[in-house]
1. In the neighborhood of residue 593, defined by Cβ-to-Cβ distances under 15 Å, what is the net charge if each Lys or Arg adds +1 and each Asp or Glu adds -1?
2. Placing +1 at every Lys and Arg Cβ and -1 at every Asp and Glu Cβ, with all other atoms neutral, what dipole size does segment 107-269 have around its Cα centre, in debye to the nearest 20?
3. Among the aspartates and glutamates, which have Cα under 12 Å from the Cα of residue 260 when same-chain residues fewer than 8 positions away are ignored?
4. So if each residue of separation counts as 0.36 nm, and I subtract the Cα-Cα distance between residue 401 and residue 603, what length gain in nm does that give?
5. Choose one of 292, 271, 307: the residue whose Cα lies farthest towards the positive end of the charge dipole of segment 257-320 (beta-carbon charges +1 Lys, Arg; -1 Asp, Glu; about the Cα centre).
6. If neighbour count is taken as other Cβ atoms inside 10 Å, put 374, 325, 8 in order from fewest to most.
7. To the nearest 20 debye, what is the magnitude of the charge dipole of segment 5-104 about its Cα centre, counting +1 on the Cβ of each Lys and Arg and -1 on the Cβ of each Asp and Glu?
8. In what sequence do 98, 33, 329 fall when counting other Cβ within 10 Å, fewest first?
Amino acid sequence: MNTPAGELRSILATDCGSTTTKAILIEKRGDEYQLIVRGEAPTTVEAPVEDVTAGVINAITEVEELAGRKLLSRSGDGSYGDSVIIKPHRGDEGIDLYISTSSAGGGLQMMVAGVVRNLTAESAERAALGAGAIVMDVIASNDKRLPHEKIERIRHLRPDMLLLSGGIDGGTTSHVVELAEIIAAARPQPRLGITYELPLIYAGNKDARELIRERLEGVMALEMVANLRPVLEREDLMPTRHKIQEQFLEHVMAHAPGYKKLIDWTDAPIMPTPGAVGEIIQTVSSQQEIEVVGVDIGGATTDVFSVFKNREAEPIFNRTVSANLGMSYSVSNVLAEAGLENVLRWVPFDIAVGALRNRVKNKMIRPTTIPQTLQELILEQAIAREALRLAFEQHKQLAVELRGVQQQRTISEAFDQAESGQTLVNMLSLDMLVGSGGVLSHAPRRQQAMLMMIDAFQPEGLTHLAVDSIFMMPQLGVLAQVNAEAATQVFERDCLIHLGTCIAPVGVGKEGEACLSIELRFADKPPITEEISCGELRLYSLALDEKAAVKLQPARRFDLGAGRGTAVEMEAMGGVVGLVIDTRGRPLEIPTDSAQRVTQLSKWQEALDVYPS
């Protein structure tokens, strides 16, 4: 569906999350689309209600009350039983478009299978993640598991959908056929509903299609799409991603409680929530021609989205899910993966290891609690830094140039770079970093959110930072499919809170050594010229909608993107925090000595007024 911009004046969008259903009303006022009101209610996909539309109606009812507009048509006795959304918009009632996303019931859970783990299986994983799935496991011919172990694994996990790939077009067929035989032997049962066949998408060697059909037709609901790795040098992921989302709607959502009714109400296909967030990240990247990283840190998982250019200057989208890194249900996993030392390095006071463990376990037992003291808040934000750092490390490992592709290199490049699978993530070329999730969006002070993101992601050069104010990105992502102009206007105007700009030279120096000469020129106040030593954080006042011309001269060992010791001139955008100069070095190192660490962290936090006394 693609509605001309002129016809859309009022848009209603919902996101059915695993715990909360959120609704927003967007209207065109003058020439611009803007958020009018927002409502939310508990999601009702589980017992005793077992009808997702009940939660949707409750969230829309709150929007009705706040906006003073009638949006739902009720039965004569005023009950919600047969509520439908009033369309089109007339006077003070109704809307022109209703759209929705969903991750209720655990979202879309998939298994992927490919012949070679680091080639086709990795491409299949990227396709599934980009479509908004949680990838439960990756099965490959060379993953060293015996056939009966793979069969047992498929039966045990009970995914919503499977994706099978393998072989370039015209190549060998035997390995991918063996994988099909393993899947056929497993005969996995669906997680939701028992009356339908589990979908399996085949996106491998086209020469093996008939052989795959012979083994899987009648066992699973088989769908064929173009090979996602038709030749070794190229990925073609979009047909697979679109088919995954289509099958998600037709098979998985259609059998979830109440979704049949919700599908009838919507004017565009329901998308998995993470897939929709990926869409808005891609839309903003495309419209503004920038490289972007987005992160959503939740209670159980942390999703990272990115758009970076490859060697051919083509924008490549990637998404990863760190299903074991979160701030409530998965908080013990963060501690286990990061290690106590890495969490404690962000804490500007002494705390016994046992006390830290106890606080983490309490959070896991009572996942909905929020920090009650400043100490608890600092500890939670220290854990958040490690969850974000680990999730980003995992993202870098999957967001890579294609493995197995022969590349021409000079001798020096051969020594400097890994032979294959080099990450696409280039922090010096990153333009924008967007954070989302309670620990970032609802931090008591915006300085805290900005410093958490700087510490965890360690941006290089000049990077603009922002947070999603009220987690609107999923609804805006599905809106981008219908009207990209409306989605980007609301994203920029109402969704993002611009924190400011971070400037960080790459390189390491001793504290107190010369690092950077800076000259800031403003439109309506005197210029600032300063020398900044290594190991500092500096905050300059640069308000929202304000810009500054910045001239930077790094010391001989430091690089701002133009080469070591080379001066650069750029324009910095302001925000609610301002302009941060970070000369602590890349990679960032924190003193291991306890007393030095406390002194250093306290000094940095004071510089940004992070935890005011």
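1. Every neighbour counted, the sum reads -1.
2. So the dipole magnitude of segment 107-269 works out to roughly 380 debye.
3. Within the straight-line limit of under 12 Å, residue 260 reaches these aspartates and glutamates: 51, 250.
4. Fully extending the segment from residue 401 to residue 603 adds 68.7 nm.
5. Looking along the dipole axis, the top candidate is 271.
6. 374, 8, 325
7. 260 debye
8. 329, 98, 33
FYI, it's all coordinate maths here, none of it is from the lab. Just so you know, these numbers come straight off a predicted model, no measurement behind them. All Cβ positions, even for glycine, are placed from backbone atoms using ideal geometry, and neighbour counts span all protein chains on display.
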